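The values are calculated or read from the model by the stated rules, or taken from the named source; none is laboratory data. These numbers were taken from a predicted model, which means no experiment stands behind them. In this analysis, Cβ positions are derived from the backbone assuming ideal geometry, glycine residues included, and neighbour counts consider all displayed protein chains. Calculation scope for accessible area: heavy atoms of the full protein, side chains included, ligands and nucleic acids excluded. Shrake-Rupley method; radii C 1.70, N 1.55, O 1.52, S 1.80 Å.
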Amino acid sequence: MLTKILLLEDDLLFGETLVDLLEENNFEVTHVPNGQSAIDATFDEKFNIYILDINVPLIDGITVLKELRDANDSTPTIFLTSHKDKEMLARGFVSGADDYITKPFDSDELILRLQALLRRCKTSNNTCVKGLCHDEVHKRILYNKEELNLSRKEYSLLLLLMQHADNTVPKELISDELWNISQTGSDGAIRVYINRIKQLLPQMTIENIRGIGYKLVS
């Protein structure tokens, strides 16, 4: 069965070029030119991956994805963007993106990113990253079959990193996960929890993506 992709791209010529590229690599593509059409398409068909441009008519790509995520749509998503500023990238990740690629980009890179994202999604149901495994029933995380001694916030943070393994988790998303509206988090507090997790997992790599967030490398 072919992998179905929803492509949101308002540049029709560029969109057609992408459709040809994706179809040549055995993807089935539905191409829409604006955000409203993208949302409508998700009601009519189930897709395996979304590729969303950000600056598109009617509803921008970030808002499209936020609305889909709010509706519990967890379809893996890559943003196409000409934006390179950290604030825009952070907004994209907070809205629920799994990856992004900046224009102009190499065709082979896009295909490789799609294939990598599909592989990650196929294994994500196991909730395991290398020797780390989440025991959802007992709400604990094990490393090499040994339970980690984690505080509630450390548990929530590590689980968030595991769920987004090999992708940057923005600090804004971490704050939303660790603190409720009546509480105040800080970058310093996040660093404390990150450092504590690093001490517990010296064999694992947690990268600080400067100015954006953190990434657990599998």
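Solvent exposure of the chain amounts to 55 Å² per residue of accessible area, where only protein heavy atoms count and the probe is 1.4 Å.
Using a probe of 1.4 angstrom, how much of the accessible area of the chain is carbon and sulfur, in percent?
On the way: 5610 of 11900 Å².
Using a 1.4 Å probe with all protein chains present, the chain comes out at 47 percent carbon and sulfur.
Entry for the chain at q = 0.09, 0.12, 0.14 Å⁻¹: log10 I(q)/I(0) = -0.39, -0.68, -0.90, Debye formula applied to identical alpha-carbon scatterers, no solvent contribution.
Residue separation times 0.36 nm, minus the C-alpha to C-alpha distance between Asp176 and Asp44: what's the value? The partial results should precede the final answer.
Working: separation 132, 0.36 × 132 = 47.52 nm, distance 3.18 nm.
Value of the extension gain: 44.3 nm.
Report the full-extension gain for the segment Glu109 to Gln199: residue separation times 0.36 nm, less the Cα-Cα distance, to one decimal in nm. Spell out each step's value before the answer.
Numbers: separation 90, 0.36 × 90 = 32.40 nm, distance 3.44 nm.
The span from Glu109 to Gln199 would gain 29.0 nm if fully extended.
For each pair in Lys130/Lys153; Lys66/Lys171; Lys145/Lys171; Lys153/Lys215; Lys145/Lys198; Lys130/Lys171, compute the distance between the two Cα atoms and list the pairs where it is over 20 Å. Show your work: numbers first, answer last.
Working: Lys130/Lys153 22 Å; Lys66/Lys171 17 Å; Lys145/Lys171 29 Å; Lys153/Lys215 17 Å; Lys145/Lys198 18 Å; Lys130/Lys171 24 Å.
Too far apart for the 20 Å limit: Lys130/Lys153; Lys145/Lys171; Lys130/Lys171.
Normalised by the number of residues in the chain, the mean separation of alpha-carbon contacts (under 8 Å, six or more apart) gives a relative contact order of 14 percent. The slack between Cys128 and Thr102, meaning 0.36 nm per residue of separation minus the straight C-alpha distance, is 6.4 nm. Summary value for the stretch 42-113: 31 percent relative contact order, contacts being C-alpha pairs under 8 angstrom separated by 6+ residues. Qualifying GluC sites (Glu not before Pro) in the stretch 43-124, where qualification requires a DSSP coil assignment and no more than 12 other C-beta atoms within 10 Å, comprise Glu45.
Of the trypsin sites (Lys or Arg not before Pro) found in the stretch 8-71, those that fall in a DSSP loop while having at most 12 other beta-carbon atoms within 10 Å are Lys46.
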